[in-house]
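Single-structure report; data block below.
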Amino acid sequence: MKPELLAPAGDLEKVRIACLYGADAVYIGGNTLSLRARSDVMEYAQIHEAVRIAHGYGKKLYLAVNIIMHEADLDGLDEQLVALAATGADAFICSDPYIIERALALTQTDIHLSTQMSVTNSIAVNEWQKRGVKRVVLARELTISEIKAIRQATTMELEVFIHGAMCSGYSGRCTLSNWMADRDANRGGCAHSCRWAYDLYQGQTKISDAFYLGATDLEASDYMDELEKIGVNSLKIEGRMKSVHYIASITSAYRQLLDDQDRVHLQPMVHQWLSRAKNRPTGVGFLGGRDHVEQIYAHTPLGKTAVFVGLVIDYDPLTRHALVEQRNHFRPGDIVEILSPKGIKGSIIIENIINSEGMPIDAARHPQETVSIPSNIVLEPYDMLRSVRDA
Amino acid sequence: MRIVAKMHHLTELETFMEMNLDVFLLETPYAKAAKHPFSMDDIKGLTASVHRQGKQVYLLMDRMIHEGDLSGITGYLSEVSSFVDGIVLADITVAIILQKLGAPRVGIYQPGPLNTHHHIASFVQDLGMRGWVLAPELTLSEIESITSMDSGVEIGFQGFGHIEMFHTRRHLLTSFFTHEAQSIDPQATYFLKEASRQEYYPIIECEEGTTIYRPIMSSRAYLDRLRACIDDVYLMRLNIDDDAYFQQVKAYLTGDFSLIHEEGYSTGYLEKMIDMDPEVGS
């Protein structure tokens, strides 16, 4: 059976984009088990709306409620879980054993065990199944043969990360951020201290001022066949805080790969599509075995190969003009590639840009301003225009 | 309150016995960053000696357990679980295996930062364990709040030494030196330092991965309050001179710190509140 493609979303627009661009399910953050709201977590009403959007597309919506609670967080937990369940979310992604216990007791919502619990073997997987958990998000430290061995030893639904930034340490057990920045990683405050540069000393002698703990981001497109054959139930993309363009690009690339009958031929293009959205080096993580884990030794961001310049709001087939919401600067003469939910439609040259008052302008400069551009390629709402360096 | 101290060599038995140490903590091949693992025969012999003095032996088995470890660790546990008093574990897999083996309640759950509220006690009990070790990131008031609840299982706290703050399956030092076309010196002691902080963080690489530790901490100033609520205080030993460690153990046992010099030691999180802000991977 084809595995589920699970995409991240940090707001309602991203939920819609993830659904449109090929996710079978979307996961978002619920704010109610946290003590501070951030821009990428949602209130009840928004969660309800996110569920409505996802279900409207026939997709599932999972809620991350994966903080590790302290005493001060316990008050009101039951009420919050009941309220979250009432949003109609299809599953809670949890790590704290007490949240799991209460969610199972109070709601009918499925429980997925977060990767924050670092489940690394079949005995632990089966224990969580016995406790009522529906799915385990496996630790990102597992090799492909370890995943296979676990699959053979359990009937539990298994979810595996396939793309995005990875914790360098076992998730949920890292307190670098707590110590370095006074921010609790298990309550959402991770300062990414593993990506800082450290001095390395051998005894009293400093031998480097560029020691990094951080790993390359994960890109597992080469493992789709194996993960599907093994019987992994869900393939997860990391990045609730990433942009709509990132979510669209990555989700779309994996969707096409999963749906294609002849993946070998599609693979080189998929690498290129994925590269459109990346700004850090990628590798295959532990999937390639323990000896193939790539580290980052310099903080030199990759130059972006694509810049998201506009989101199509509407298209008039009679006039062949599209209404576009600006996301980054573009001007007449620019060549833009069109990413759509069905893949890349092709490229067009921006012949002219008309502003909302019907006047031609020399550039679309203002974030989220609405402009009109001609396009001989038929566009649809939620198509994305991006300028591509190698186009 | 019992003092739990780490033993590195058989020859230290007498020293610790003379101190009247409560609990002898021994590394096993399944201990994280193990530098001094004891053989099965040594563990048996030591346990017999320690029990004759009415004291206890805990084994350290705090590695993350991967699929390939299951067979070996099951055999190991079936042997040791019948005669040691405690097995300190970070992965619940060890507790589940102990339960399946019908072993006595010897598991002690120590998963680093995950033990942060009093309801964990019922999880620990349910998994057939003897006790749990509180997250080292708790404040003293949080500790007192947790321990004010009657949990029915014993509660431990890491009260001294370099406390772990990061563990990865990656071989970070080997990867770095390979990248630099150099070799790691297996005898050397390595530290990390962040440029804006006057602190050194021990970093140790072993077969199972790499572990990084906080600067040394001491809870001596809070011993009276800890004594009122904690069953076991663990004294960690990494990168501490043997004699200095023995002095510390003696001081924690007697409460007499007059000979102890602790300049530069922190008090960990005991009086430090960290930020809470929700955005975690899932």
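The values are calculated or read from the model by the stated rules, or taken from the named source; none is laboratory data. These numbers were taken from a predicted model, which means no experiment stands behind them. As a convention, Cβ positions derive from the backbone with ideal geometry for all residues, glycine included, and neighbour counts pool all protein chains shown. With ligands, DNA and RNA removed, areas are computed over all heavy atoms of the protein, side chains included. Shrake-Rupley method; radii C 1.70, N 1.55, O 1.52, S 1.80 Å.
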Quiz prompt | Separation of the A:A105 and A:R290 label points, Cα + 7 Å toward Cβ, nm | solution = 4.0 nm
Practice problem: Provide the FRET efficiency to the nearest 0.05 for the B:D42-B:A188 pair, computing r from the beta carbons and using R0 = 41 Å. | Solution: 0.90
Quiz item: Just in segment B:13-69: which trypsin sites (Lys or Arg not before Pro) are loop by DSSP and have at most 15 other Cβ atoms within 10 Å?
Solution: B:K35
Quiz item: For segment B:164-213, what does the alpha-carbon gyration tensor say about shape, rounded, prolate or oblate, given a ≥ b ≥ c as the root eigenvalues, a/c under 1.5 as rounded, and a/b over b/c as prolate?
Solution: oblate
Self-check item: Which of A:M180, A:I354, A:G58, positive extreme of dipole for chain A (C-beta unit charges)
Solution: A:M180
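Which of the GluC sites (Glu not before Pro) found in segment B:120-225 are in a DSSP loop and have at most 13 neighbouring Cβ atoms, other than their own, within 10 Å? If you can, show how the numbers build up before the last one.
Values: sites: B:E137, B:E142, B:E144, B:E154, B:E164, B:E180, B:E194, B:E199, B:E205, B:E207, B:E208; in loops: B:E137, B:E180, B:E194, B:E199, B:E207, B:E208.
Those that pass, being in a loop and sparsely packed, are B:E207.
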Exercise. Could you tell me what fraction of 2.2 N^0.38 Å the Cα radius of gyration of the protein assembly as shown comes to, as a two-decimal ratio?
Key: 1.03
Practice problem: On a 0 to 90° scale, report how tilted helix A:77-86 is relative to the longest principal axis of chain A, with both axes built from alpha carbons and the result rounded to the nearest 10. | Solution: 40 degrees
Quiz item: In Å² (nearest 100), what accessible area is buried between A and B, both sides summed, heavy protein atoms only, 1.4 Å probe?
Solution: 7300 Å²
Exercise. Run the numbers on segment B:164-213 and let me know its relative contact order in percent, using alpha-carbon pairs under 8 Å that are six or more apart.
Key: 49 percent
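Where does segment A:275-391 land on the Kirkwood hydrodynamic radius, alpha-carbon pairs, in angstrom? Don't skip to the answer; put the middle values down first.
Working: mean 1/r = 0.0635 Å⁻¹.
When all Cα pairs of segment A:275-391 are included, the Kirkwood radius is 15.7 Å.
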Self-check item: Solvent-free Debye scattering, log10 I(q)/I(0), computed from the Cα coordinates of chain A at q = 0.06, 0.14 Å⁻¹
Solution: -0.26, -1.28
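Can you give the extra length, in nm with one decimal, that the chain gains between A:Q368 and A:E351 once fully stretched, where that is 0.36 nm per residue apart less the Cα-Cα distance?
Full-extension gain reported as 4.1 nm.
Based on the Cβ-Cβ distance of B:E207 and A:D199, what FRET efficiency does E = 1/(1 + (r/R0)^6) give at R0 = 22 Å, to the nearest 0.05?
Numbers: r = 26 Å, r/R0 = 1.17.
Given R0 = 22 Å and the Cβ-Cβ separation, E is 0.30.
Counting other Cβ atoms within 10 Å of each Cβ, which trypsin sites (Lys or Arg not before Pro) in segment A:313-391 have at most 14 and sit in a DSSP loop? The partial results should precede the final answer.
On the way: sites: A:R320, A:R327, A:K342, A:K345, A:R365, A:R386, A:R389; in loops: A:R320, A:R327, A:K342, A:R365, A:R389.
Loop-located and lightly packed - A:R320, A:K342, A:R365, A:R389.
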Self-check item: Relative contact order (percent, whole number), segment A:139-203, Cα cutoff 8 Å, 6+ residue spacing
Solution: 22 percent
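Percent of accessible area on chain A owned by carbon and sulfur, 1.4 Å probe?
Details: 7520 of 14840 Å².
Roughly 51 percent of what the probe reaches on chain A is carbon or sulfur.
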Quiz item: So how far apart, in nm, are the two label points at B:S141 and A:S145 if each is 7 Å from Cα heading toward Cβ?
Solution: 5.3 nm
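Considering Cα pairs under 8 angstrom that are at least six residues apart, work out the relative contact order of chain A and quote it in whole percent.
Relative contact order, chain A: 14 percent.
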Exercise. Quick one: dipole size for segment A:306-388, taken about the Cα centre, charges +1 on Lys/Arg Cβ and -1 on Asp/Glu Cβ, in debye to the nearest 20.
Key: 240 debye
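Quick one: of A:K148/A:K278; A:K130/B:K44; B:K35/B:K250; A:K60/A:K229, which pairs are farther than 25 Å apart, Cα to Cα?
Values: A:K148/A:K278 29 Å; A:K130/B:K44 35 Å; B:K35/B:K250 23 Å; A:K60/A:K229 23 Å.
From A:K148/A:K278; A:K130/B:K44; B:K35/B:K250; A:K60/A:K229, over 25 Å: A:K148/A:K278; A:K130/B:K44.
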Quiz item: Gaussian network model of chain A, Cα springs within a sub-10 Å range: biggest mean-square fluctuation belongs to which of A:M359, A:M269, A:M117?
Solution: A:M359
Quiz item: Mind checking which of A:A215, A:A45, A:A85 has the largest fluctuation in a GNM of chain A, springs on alpha carbons under 10 Å?
Solution: A:A45
